Amino acid sequence: MHLKKLTVNGFKSFAHKATLEFSSGITAIVGPNGSGKSNIADAIRWVMGEQSIKTLRGKKSEDIIFSGSDKKARLGLAEVSLELDNADKKIPLDYSEITITRRLYRNGDSDYLINNHKSKLADLNLLLTQANFGHHTYAIVGQGMIDNFLLATPEERKNFFEEATGVKQYQIKKNQTISKLEQVGQNLATAKIRIQEMEPQLQLLTRQVKKLNKRKETEVELNEVRLNYYGSSWQEINKNYQDELKKTEFIETDKKLAEEKWKNLEKELNQIVKNDGLNQTIEKLRGEQQAAAEQKMRLKEKLFLLKNSSSSPGGGPFINFQPLSEDQMNQLNAQLSVLEHLQESALFALDQKNNVETIKTIINNLGQKIEKIIAFLKPYLKPKKETAPKIEQTNPETQSLEQKIAQTDELSDCLQIEIKNLLKEDEVKRSKLWDTQQKYQLAQQELRSLDNQLSEARIILARTETKKFDLKQESVRELGSLDLLENNNLPALSTEEKNALQNKINKLKGQLEIIGGLDPGIDVEYKNTQKKYDFLTAQISDLNQTLESLKKTINDLDQIIKSQMTHSLESINAYFQKYFGLLFNGGKAVLSLLKKEVPEEDDPSQSSNYPAINFFQEKSKNDYDRLEIYATPPGKKLKSINVLSGGERALTSIALICAIISSNPAPFIVLDEVDAALDESNSVRFAQILNDLSHKTQFIVITHNRATMEKAKLLYGVAMSDDGVSKLLSIRLGDSSTFINTR
């Protein structure tokens, strides 16, 4: 790796864009004082991440930007780009050329770019450190910094030595790992504190959750026992209720049938007793028969009169009607009264549904009376003597009367037949009266018995229904719903089994009272707390693993740092003695690492929750924190380098820088007038040393020393124009006729 190109634009006195191309070997930058030569070294230091404005010889960040002059206005942007050849991949990026750019705006904004991609300063520092150079290392030695190597504190020398030996990249990784370790330690301590604070609450919640779970288990068992008890009782009482209900319904059905039977018998009995209007029917028929008889008598009388009133000689009635005396008429009326009385008796007998024999007797008497009346009237009705045969003449009126008489006879006969049938029917019904009365009494007794049975059944049903209602209320109170009772087929239990279940229910209720009421939200709170506790426990486990992993990484890095520093220290000490002897023509120089002093811990308990502290303390016991330089020029006995003269310090510093370059060369070295304090002979020696080392690294030397210029392959001249802007001229030595204006 080597530096190919440097582009400066707006940085300090370089108001215009200026490009410097570099080759291997030594490149010298010369020019009068104040022309801006050192601004090139500052530009390289700045683009590589320098943050100290004081180191860049400024007071504030905007001093980096061209501030203007009488003839040129100030700029708002400073930009420096450094182009590196990365063919050997010392910078671990997959680019053969890498351009690092830094921009600063007057408003304070700034950007870092790697191949035109924005980057972070930390990433840039790590990449440059891995390539073995950076703005803090020996790669850039500015004005007045030559004595800093000797006058710096032992701690500052150690930091410089870490960069010089190439372990800075491991130290950066170690510091990053230590930061992570500290953060992990803090997180671990915080997690332990949180978990310690959480443990009492979790223990309390655990006990409460156990009680809650015990309560739930007891409630489940209680529900099962209650379900068995009340379910079986419900099935039993429900069965009893259904049985009693069916029994009651059967009795009610039997009662309805018996009542219907009783009513039918009562109705039948009433019909027999009252003859159900049969006498009235008979009387009505007899009335109709009597009316027919009277009608017949009238018709016959009318026919008789019609025939007797004939005007023919042989006419007149065919019987002679002899007038009756008054006594005879009275006798006839008496007979007719008896006949009428018999007729009324017969009709009354029929109406009262009397015995048929009685009615027959009355009818016979009535017939006898009629015969007596006919016998009484017969003497008074004598046939008329016939004087001469005659031919009957048809008379329409006579025919009509005869026809009506025949119809009346027919009607009378029909009525007589119907009366006889009704009398026979009445006789049959009356014969059934006794049987019906017996059946009626039995039906009445059966109905009374069923009434008693129904009353008893309804009382038992009401009691069962009351028990069922009470059990329902108790079941709802105990189980909360009847669904569980109505949808199960539990078998019936014996009295002993019921008593055992009841005792168990009381026992479980007592256990619930002992446990007491608990907030159901405790379970959710416990789960959330347990979840947090498990998370913290897992986090502590992960942090412990991370802690051990980081400790191992630190140990590995320490081993690498220690090994490389020990090896580099031996090499640097050898070269330091070599170059010190060349510059001083003898003498002795050596570097020595000193262990730090670790104070005893006052209160070990303070770090018990912070495992990283103990680790750091243990590591510090074998750590080195100081680098001492011992240098003795020939012929002198010095105990401290602070008593060296200025020239001796400069030579000692140069010897140390050359030793470091020889042991661990950077890709390029920038030296800003480090030879200013050397005399001519030492300048020649210094130039020769640079020339000898130029095959190991690339030198950019800002100098006024002629001996150094003579060793350079490329020479840049810097001049200041009248507008306050630095300008560049370049010449490649060996071809002095070629000048390049890189303005």
* **Distance (nanometres) between label positions extended 7 Å along Cα→Cβ at ASN395 and ASN555** => 17.1
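Give me the extension gain from GLU288 to ARG706: residue separation times 0.36 nm, minus the current Cα-Cα distance, reported in nm with one decimal.
Taking 0.36 nm per residue and subtracting the Cα distance, the gain is 132.1 nm.
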* Please name which of THR190, THR281, ASN213 has its Cα lying farthest along the dipole of the range 184-282 towards the positive end, using unit charges on Cβ (Lys, Arg +1; Asp, Glu -1) and the Cα centre as origin. => THR190
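Per 0.36 nm of contour for each residue apart, how much would the distance between GLN473 and ASN270 grow if the chain were fully extended, relative to their Cα-Cα spacing?
Computed gain between GLN473 and ASN270 is 67.7 nm.
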* Asked: In terms of modelled amide H atoms, which long-range or inter-chain residues lie less than 5 Å from the amide H of GLN698?
  -> PHE668, ILE669
* Asked: What is the distance, in nm, between label points placed 7 Å from the Cα along the Cα-to-Cβ direction at LEU336 and at ASP722?
  -> 19.4
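Going through the cross-link list LYS246/LYS468; LYS211/LYS509; LYS59/LYS118, which pairs have a Cα-Cα distance over 18 Å in this structure? Write out the running numbers ahead of the final one.
Numbers: LYS246/LYS468 16 Å; LYS211/LYS509 15 Å; LYS59/LYS118 27 Å.
Result: LYS59/LYS118 exceed 18 Å.
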* Structure fact -> Between LYS696 and LYS17, Cβ-based FRET efficiency (R0 41 Å, step 0.05) works out to 0.80
* Candidate lysines - alpha carbon under 16 Å from LYS588, same-chain residues fewer than 8 apart omitted -> LYS578, LYS636, LYS637, LYS639
* Structure fact -> Within the range 41-71, the residues whose backbone N lies under 15 Å from a label point placed 7 Å from the Cα of TYR105 along the Cα-to-Cβ direction are 62
* Using a simple spin-label model with points 7 Å from Cα along the Cα→Cβ vector, what separation in nm is obtained for ASP63 and GLU252? -> 11.7
* Work through the residues other than GLU219 whose Cβ is under 11 Å from its Cβ and net out their charges, Lys, Arg +1 and Asp, Glu -1. => +2
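Give me the number: length gained by fully extending GLU219 to ARG298, i.e. 0.36 nm times residue separation minus the C-alpha to C-alpha distance, one decimal in nm.
Values: separation 79, 0.36 × 79 = 28.44 nm, distance 10.96 nm.
Here the answer is 17.5 nm.
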* Asked: How much FRET efficiency would the formula 1/(1 + (r/R0)^6) give for ARG732 and ARG626, where r is the Cβ-Cβ distance and R0 is 41 Å, rounded to 0.05?
  -> 0.35
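We did not get these values from a lab; they are worked out from the coordinates using the rules stated. Since this is a predicted model, take the numbers as computed values, not measurements. Every residue, glycine among them, receives a Cβ derived from its backbone with ideal geometry; neighbour counts consider all protein chains shown.
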